[in-house]
Structures are given as structure tokens and as C-alpha cells.
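Below you'll find the structure, written out as C-alpha cells, and then a few comments.
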Amino acid sequence: MNSLILACTLVSIGIYGVLTRKELVAVLASIEVMLGGAQLLLAAYVAGTGAAAGSAQGITILVLSVGGAEAAVGLALLVALVRRGRTRTDQIEEVRG
Amino acid sequence: MTLLWAALAALTLVGAVCVIVAREMTRMLLGLGVFLLGVAGLYAYYGFELLAVAELFVYVGGVLVLFLFAITAIGRDREGRDIGRAFDISALVVSGSVGAAVAVALWTALPANEAAIGATVEKAGTALLGSLLPQFELVGLLLLAALAAALAVVGGGERR
């Protein structure tokens, strides 16, 4: 139960960061916090039930990889936006290919 | 709840709060590092040594450096004065409600006590190259696509 409360608190903190921070780097960091909370919940669930520990560890590694890919693409988008002089979410008014 | 778990949880929470409270980018990054170290410590506490090491390598060693690079590229260390200063009650309500909803939904699914169970690298490897092989291959493709997308986005910006 403690892990559930911790993980949900982390997800809430991450959502609050995404909603309130305007700087793109801070928004990405808040998303990482949300992702960390979700991964922690998965690990805690497996630790509690004791079932299929190897598979759960594998799944968490896959989620971790997805998080790494998300950070790479997010930061690449950030660099592209910075070149256009935009570093805040409220400065992004259009999405164009 | 052991003292070690409580200490690691406190470390994780302090790092996470630092991420959303810090005004300076480098301090925010430091908070993110503390958060990730706490998460890695909790993985180790649950007996998932491979996950703890992977968290350290991928996030603390990779993603954090990438964030540092991005902050260097932005060239600004401090957010604008109007950013993140005001306490946003509506955001707090939304985030708190989502967290509470997840907690209520999973309340009965999670056991009362989480003990360290331990999962060897061999077990994880067997799972990744056994029942999880399709997902493992898909994640490899996803990482390749992410790399190509990142290069395309950055390269596309250079050409313009």
C-alpha cells in the first residue's frame, strides 16, 4: 500500500508539473517523474505478488526503453524549437511539418 | 515499511518536488537526478538489481546528460519571472484527483506489504528472450525509429 501511495503521489506531482511549468525542459522532466512513478508501481506490484518476477522485470526494462526514446525525441524537438527562438509551451502556436 | 524504504521514498519525493518547484534549470536537473537515484534505490530494495543498474545507466547516465545538453543548447539557466511562481489550485486539484483515482482503482489489487523478492538477471534475460521476445524486438524498432526521428527533427531544423 505504501508503494501505491508513493507511486500515485509521484504521478500527481508529475501531472502538476506538466500543467504548471511553461518551460519545455521542465515539462519533459515532469513527464519523466510520471513515468518513474508508473514504473515503480509495476515493480512494487510484482514485489508484492511475487508472480513472474522475471517477466515483470523484463516489462519494466521495456517501459524504461520507451522512456529513453521519449526523452530523445522530446529533447530533439526542444532543440528544433529553440532554434526558432521558442523555449516555452505558450510560445508554440502552430504545428507545421 | 522499513527505514530503508522510507528513506528511499523520501529521497524520491524530494527529487520529484524539486523538479516542479526549482526555478533554475540546473537545480531542476539536480532534483531529477535525485529522483532517479531514489527510484533506482527502490528497485534495488525490491530485489530488482538489473532494473536498478539499468535505471542508473539509461536515465542517470544517459537521459540526464541529454537534459544537461538540452539546457546548454537553450543557453538559459533561469526561467522567466512569471513562470511557475503562482500556486495553481486548479492544476493541484486535477493532479490530485488523477492520483487519487489511480490509488482507489488499484487499492485492492496491490498486496498490503511489498517484500523484496529478487529476480535474477537470468530470469529477466529468459523472459526477454522468451515470452517477451516480440515486445523486445518491437522496442528495438521503436528505439531505432526514435533515433531516426530525433536526427530528422534536428537535421530538418538545420536545413531551414
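This table checks each residue for (1) of a type outside the set (S, T, N, Q); (2) modelled with pLDDT of 85 or more; (3) in contact with a Ser or Thr (Cβ under 7 Å, 6 or more places away or on another chain).
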residue	(1), (2), (3)
B:Trp5	yes, yes, no
B:Gly15	yes, yes, no
B:Val19	yes, yes, yes
B:Thr72	no, no, no
B:Phe87	yes, no, no
With respect to B:Ala109, determine if the residue is at pLDDT 85 or above and surrounded by fewer than 18 Cβ atoms within 10 Å (Cβ to Cβ).
no
Of all the residues that make up the range B:16-74, how many are over 27 Å from A:Val46 (Cα atoms), out of contact with any helix residue (DSSP H, G or I) (no Cβ under 6 Å at 6 or more places or on another chain) and crowded, with 18+ Cβ neighbours inside 10 Å?
0
Among the residues of the range B:30-50, which ones are at the interface with another protein chain (Cβ under 8 Å from one of its Cβ atoms), over 12 Å from the mean Cα position of the chain (by Cα), in contact (Cβ under 8 Å) with a residue 24 or more places away in the chain and at negative phi?
B:Leu42, B:Tyr46, B:Phe48, B:Leu50
Evaluate the range A:22-38: report whether one residue or more is free of Cβ contacts under 8 Å to residues at least 24 places away in the same chain, hydroxyl-bearing (Ser, Thr, Tyr) and within 19 Å of B:Ala16 (Cα to Cα).
yes
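The values are calculated or read from the model by the stated rules, or taken from the named source; none is laboratory data. Because the structure is predicted, anything quoted here is derived from the model rather than measured. So basically every Cβ, Gly included, is an ideal-geometry build from the backbone, and we count neighbours across all protein chains shown.
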